[in-house]
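The values are calculated or read from the model by the stated rules, or taken from the named source; none is laboratory data. Just so we're clear, the structure is a prediction, and the values are computed from it rather than from any experiment. All Cβ positions, glycine included, derive from the backbone under ideal geometry; neighbour counts span all protein chains shown. Each accessible area value is taken on the protein alone, full model and side chains, heavy atoms only, with ligands, DNA and RNA left out. Shrake-Rupley method; radii C 1.70, N 1.55, O 1.52, S 1.80 Å.
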Amino acid sequence: MTDEEVLALWEALPAEAREQVDDLARKDKTYGIVVLLQTAHGLSIPQGLGIAVARHALLRPPVPDGPVDPRVLIRKAGEVEERVLAVEAVWAGDLAHGWFVWLFAIGATRDHPLEPVYASTATRHLGSEESDDGRPHIAVAAEMIGVAVARALRVPFHFASPRTPDGRAPRWVRPTS
């Protein structure tokens, strides 16, 4: 859908529906927006998704780039209230950012999110949008940062899918004692 088509659909909605959509967009409820627009207003899924993406972009505050300084993440991991067993990079994605990589400190009982590495962070960290070996630049930056944090903590680093974005790649397995 073009921006003009999305705008025309948006302007054709009743004011009450636009308020409901904006409320859902502020809460990051894309599915709720699509369902509302489909069931109550007869829009198709692609039309509802087009409006959801446009409203998210307009209403949600920009997500700040995560720090590229591993010292910040080392300090954050040091504040975890349980023993850190590993540092892990995990692919994730959303409508606002596309694919990105979350870095986690893996504790004895749960995962502790450190920071996401977005495309803009990776480009700033590496100075380009492509790596020399064909891997996604987000993966290269996340690996560089994650390895530095893991080395400082003297724990293993795990990244199950450093060559291809894969939100279902196997996660690091805590050792059984």
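Please name all residue pairs, on different chains or six or more residues apart, with Cβ atoms under 6 Å, provided the first residue is in segment 152-164 and is touching a residue at least 12 places away in the same chain (Cβ under 8 Å) and acidic (Asp, Glu) and the second residue is surrounded by fewer than 17 Cβ atoms within 10 Å (Cβ to Cβ) and in a loop (DSSP other than H, G, I, E, B).
Within 6 Å, no pair qualifies.
For segment 30-50, give me each residue that is more than 18 Å from Glu19 (Cβ to Cβ) and out of contact with any Ser or Thr (no Cβ under 8 Å at 6 or more places or on another chain).
Tyr31, Gly42, Ser44, Ile45, Pro46, Gln47, Gly50
Report yes if some residue within segment 46-66 is closer than 23 Å to Trp172 by Cβ and touching a residue at least 12 places away in the same chain (Cβ under 8 Å); otherwise report no. Before the answer, list the steps.
Taking segment 46-66 as the starting set, the residues that turn out to be closer than 23 Å to Trp172 by Cβ are 66.
Keeping just the survivors that are touching a residue at least 12 places away in the same chain (Cβ under 8 Å) gives 66.
Checked segment 46-66: at least one residue is closer than 23 Å to Trp172 by Cβ and touching a residue at least 12 places away in the same chain (Cβ under 8 Å).
Residues being under 15 Å from Ile106 (Cβ atoms) and of a type in the set (Gly, Ala, Ser): count how many of those fall in segment 153-171. Outline the logic, then answer.
The first filter runs over segment 153-171 and keeps only residues under 15 Å from Ile106 (Cβ atoms), leaving 153-160, 169-171.
Okay, now just the ones that are also of a type in the set (Gly, Ala, Ser), so 160, 169.
Within segment 153-171, residues that are under 15 Å from Ile106 (Cβ atoms) and of a type in the set (Gly, Ala, Ser) number 2.
Any chance segment 145-168 includes a residue that's hydroxyl-bearing (Ser, Thr, Tyr), open to solvent by 40 Å² or more (accessible area, probe 1.4 Å), over 15 Å from Phe100 (Cα atoms) and modelled with pLDDT under 95? Give the steps one after another, and end with the answer.
Within segment 145-168, the subset hydroxyl-bearing (Ser, Thr, Tyr) is 161, 164.
Filter once more, so that each one left must be open to solvent by 40 Å² or more (accessible area, probe 1.4 Å): 164.
Next, only the ones that are over 15 Å from Phe100 (Cα atoms) stay: none.
Among the residues of segment 145-168, not one is hydroxyl-bearing (Ser, Thr, Tyr), open to solvent by 40 Å² or more (accessible area, probe 1.4 Å), over 15 Å from Phe100 (Cα atoms) and modelled with pLDDT under 95, which makes the answer no.
For a quick check of your reading of the model, give me the residue pairs whose first member lies in segment 102-113 and is farther than 14 Å from Ala150 by Cβ and among the charged types (D, E, K, R), whose second is assigned to a strand (DSSP E or B) and open to solvent by 30 Å² or more (accessible area, probe 1.4 Å), with beta-carbon atoms closer than 7 Å and at least 6 apart or on different chains.
Qualifying pairs under 7 Å: Asp111/Phe104.
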